[in-house]
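See below for the structure under consideration.
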Amino acid sequence: MTNTRPSDSSDTSDTSGIPNPLAEPVERVGRGWTASLSLANGAIWVGWYGPLQILLASQAKDFAPGSGMSKETMLAWVTGAGALVSLVANPLFGALSDRTTARRGRRTPWIVAGAAGGALSLLLLAGAGGVWTMAAGWCLVQLTLNAAFAAVTAAVPDRVPRLQRGSVGGWLGAAQILGVVAGTGLATVAGGVGAGYAACAVFTVVGVLPYVIRYEDLRLSPEDRPAWSWRGFLAGFWLSPRRYPDLGWAWLTRLLINLSNALVLLYLLYYLRDRLHYDDPDEGVLILTAVNGLTLLATVVVGGVWSDRLGRRKPFVIWSGVLMAVATAALAGWQTWPGAIVAAAVLGVGFGVFTSVDFALMTDVLPKALDRGKDLGVINVANALPQVAAPALAAPIVTYLGGYRMLYLVAAVIGLAGAVLVGRIRGVE
């Protein structure tokens, strides 16, 4: 069955000369726009990964004694609850931004509200006194930051022409990993859990300001907004794989590769402490994150630009997935500190190419311009769902079915399956 592709509109602006937000963009965006949007994206990832890499694990270690749960199980429950919120929040806020007719545009109001709400939620999480307040705080962080993230990602197909999306996706990916490194660094050096959360909150707000202040968003006219009905709104979240097969296969490949990556990252702190017996596991996580970030930065923009120039996406996604699977398998077979460093470096190379080119591939298979935010939100479920599935899959494997060696072998097989299935996408070269 052939894939239904989005229709291109020949009208790129309305009668006043303002770009039409529902048209396929044709004018290339400038470096300043790309840099500001990338900084906003990185700031959101600081708000996510300072907690995910360091702060939530530290709180779980403090709250676990006397709770009846191990620190691993507590961390799994908290991150899983937050990921469930993310599953709903990202497509929901994407759909709401699609329908927004505010003077500041479709996306900017949600970026501002999401970043501000995320910062406040991080400060609430800093004051958590047990597992329930910790889970509630993390769910609020996921709810609010996903509102901002849905709007940031939707701005790309709104404004960026197809043959520039690989390079722009590369810069967004570079900002993403820098956000992971910065969030991990802030959480590590701030001087405690509370100070770590405060530092991440401040960075999250400051990082979105250049984009929302300097650049005007595209405005949707009230006449173009579809009529509201709950039934139609909820039905719109189902994207039939039969009707849009390329989108279905692209979603599945992203899900599997992100699940593999999530299995690697989830228990990294405990892997260093309990399996490798590394002297300072917090510092070890920061070192591995930095190594991974450096090699990712070396490939993320280059991979996206190269993909744009060749006009091809699939080979880049396939081989980056294979490389990541090999690196993950190395974690299972070479369980030493040098082995962890090499695996982190190779994973960065593969994930750098995957991050930029897969993002461009996803925007290439979107069905309709009117629903870009919602459709990207549905696609981004493939980022959030692994956060739910990874704890449920990892905890019994580590505890009962072979430990970390088996965990990383399973992760490698999952990632390899994702790489292979990219070949089923027919409508993108």
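The values are calculated or read from the model by the stated rules, or taken from the named source; none is laboratory data. Since we're looking at a predicted model, the values are computed, not measured. Here Cβ is always computed from backbone atoms with ideal geometry, including for glycine, and neighbour counts include all displayed protein chains. Side chains included, ligands, DNA and RNA excluded: accessible areas come from the protein's heavy atoms. Shrake-Rupley method; radii C 1.70, N 1.55, O 1.52, S 1.80 Å.
One compactness figure for segment 373-418 is 1.40, namely its Cα radius of gyration divided by 2.2 N^0.38 Å. Report the label-to-label distance for residue 102 and residue 319 in nanometres (one decimal), using points 7 Å from each Cα along the Cα→Cβ vector. The answer from the label model is 4.3 nm. The chymotrypsin sites (Phe, Trp or Tyr not before Pro) found in segment 137-239 that occupy coil by DSSP, while having at most 12 further C-beta atoms within 10 Å, are 228, 238.
Each principal axis of the Cα cloud of segment 253-350 was taken in turn, and the coordinate range along them, longest first, works out to 47, 23, 19 Å.
Calculated over segment 69-109, the projected area of the Cα convex hull averaged across directions stands at 3.4 nm². Taking all Cα-Cα distances within segment 263-307, those exceeding 18 Å account for 41%.
Please compute the Kirkwood hydrodynamic radius over segment 175-309, one decimal place, Å, based on all pairs of different Cα atoms. The answer is 19.4 Å.
Quick check on segment 20-126: take the gyration tensor over C-alpha atoms, sort the square-rooted eigenvalues as a ≥ b ≥ c, and tell me if it's rounded (a/c under 1.5), prolate or oblate. Note, shape of segment 20-126 comes out prolate.
Which percent of Cα-Cα pairs in the chain sits in each 10 Å bin, short to long? Histogram of Cα-Cα distances, whole percents per bin: 5, 23, 34, 26, 10, 2, 0.
Please state the shape class of segment 334-420: rounded when a/c is under 1.5, otherwise prolate if a/b exceeds b/c and oblate if not, all from the C-alpha gyration tensor. It comes out oblate by the Cα gyration axes. Taken as entire DSSP H runs, the helices of the chain that both span 18 Å or more between Cα atoms along their own long axis and average -0.5 or more on the Kyte-Doolittle scale are 31-50, 71-98, 108-126, 131-159, 165-189, 193-214, 245-266, 281-310, 314-333, 337-364, 372-400, 403-421.
Here segment 132-183 was treated as a single set of alpha-carbon atoms; its pair distances binned every 10 Å from 0 give 21, 39, 28, 10, 2 percent.
In this view, the solvent-accessible surface of residue 24, computed with a 1.4 Å probe and all protein chains in place, comes to about 30 Å². Taking 0.36 nm per residue of separation and subtracting the Cα-Cα distance, full extension of the segment from residue 229 to residue 35 would add 66.1 nm.
Dividing the summed helix terms, -39500 (n - 2.57) for each DSSP H run of n ≥ 4, by the number of residues in the chain produces a 222 nm estimate of -25000 deg cm²/dmol to the nearest 500. How would segment 200-239 be classified by its alpha-carbon gyration tensor: rounded, prolate or oblate, with rounded meaning a/c under 1.5 and the a/b versus b/c comparison settling the rest? Cα axes put segment 200-239 in the oblate bin. Qualifying trypsin sites (Lys or Arg not before Pro) in segment 39-131, where qualification requires a DSSP coil assignment and no more than 13 other C-beta atoms within 10 Å, comprise 103. At a probe radius of 1.4 angstrom, the accessible area of the chain per residue rounds to 40 square angstrom.
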